[in-house]
1. I want to confirm something. Restricting to segment A:1-27 and keeping residues that are assigned to a helix (DSSP H, G or I) and within 7 Å of another protein chain (Cβ to nearest Cβ), which single residue is nearest to A:Ala67 (Cα to Cα)?
2. Please indicate, with yes or no, whether at least one residue in segment A:45-53 is without any contact (Cβ under 8 Å) to a residue 24 or more places away in the chain, under 21 Å from B:Glu36 (Cβ atoms) and within 8 Å of chain B (Cβ to nearest Cβ).
3. Does any residue in segment A:115-126 that is closer than 12 Å to A:Thr137 by Cβ come within less than 9 Å, Cβ to Cβ, of a residue that is of a type in the set (S, T, N, Q) and surrounded by fewer than 19 Cβ atoms within 10 Å (Cβ to Cβ) six or more places away or on a different chain, and which pairs are these?
4. I want to confirm something. Restricting to segment B:25-59 and keeping residues that are over 19 Å from A:His43 (Cα atoms) and among the small types (Gly, Ala, Ser), which single residue is modelled with the highest pLDDT?
5. Could you list, in sequence order, all residues of segment B:37-63 that are in a helix (DSSP H, G or I) and either facing another protein chain (nearest Cβ under 7 Å) or in contact with a strand residue (DSSP E or B) (Cβ under 6 Å, 6 or more places away or on another chain) (or both)?
6. Check whether at least one residue in segment A:88-102 is in contact (Cβ under 8 Å) with a residue 40 or more places away in the chain and either away from every other protein chain (no Cβ under 14 Å) or in contact with a Phe, Trp or Tyr (Cβ under 8 Å, 6 or more places away or on another chain) (or both), and report yes or no.
Amino acid sequence: MKVVSEHFVPVKIHVKEQPAVFERFKAQWTPTQLILDGDGIEHHRIEGFLPKEDFIAELELGLGKLAFEQKRYEDAANMFRVVCDEHAGAGAAPEACYWAGVSNYKGGNHESLKETARLLKERYGDSAWARKASVWTT
Amino acid sequence: MQVWTRLPATRTAAWNGSCECVIGRAKKEAIVSRIEWLKDADEGIARAHATGKPVLLDFSAAPM
């Protein structure tokens, strides 16, 4: 999978071979994937099986979260926007749209929250992320 | 992809389109991955530190 090889250092831990590593990272179930930075700090967690498109979208969401938490807001906004727009049918899309708006806001675009709230209401009106963003319309 | 949907445990192989699994009662074999997975979390973190790429740490119960 290209996204894995290009963007990550891939590490696989088998439950029977390395149970202590499961304990160390508090993995409760398989499959679980964590995105860690170079200090070993967790930035995103995916638990349970996902269809391919959803899984790729989750990986990209995780890359966005990593950039966001490192205060690279422009990079984060671009990564979240990819999930929001190019994986619009994926489960991660509403969350990605939300964080794209927040990243743009943190990057200085103060209109982005209202725009994001409108987009979420239009596309994902029943989602928790649309409800979270609803406060931005007032 | 059909194999993947019927055998989610072989996802790694399906990621690469390289699974040669046999469905049903017959044996499942030749799960070949083009992703070069490390098996040491600390080595992965050290490489992430050196390269700037994040670690994807995959906890699995599927055949390796």
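1. A:His7
2. yes
3. The qualifying pairs are A:Glu115/A:Asn109; A:Ala117/A:Ser134; A:Ala117/A:Thr137; A:Arg118/A:Thr137; A:Leu120/A:Ser127; A:Leu120/A:Ser134; A:Lys121/A:Ser134; A:Lys121/A:Thr137.
4. For segment B:25-59, the residue satisfying everything is B:Ser33.
5. B:Ala41, B:Gly44, B:Ile45, B:Arg47, B:Ala48, B:His49, B:Thr51
6. yes
The values are calculated or read from the model by the stated rules, or taken from the named source; none is laboratory data. All values reported here derive from a predicted model rather than from experimental measurement. Cβ: placed from backbone, ideal geometry, glycine included. Neighbour counts: every protein chain shown.
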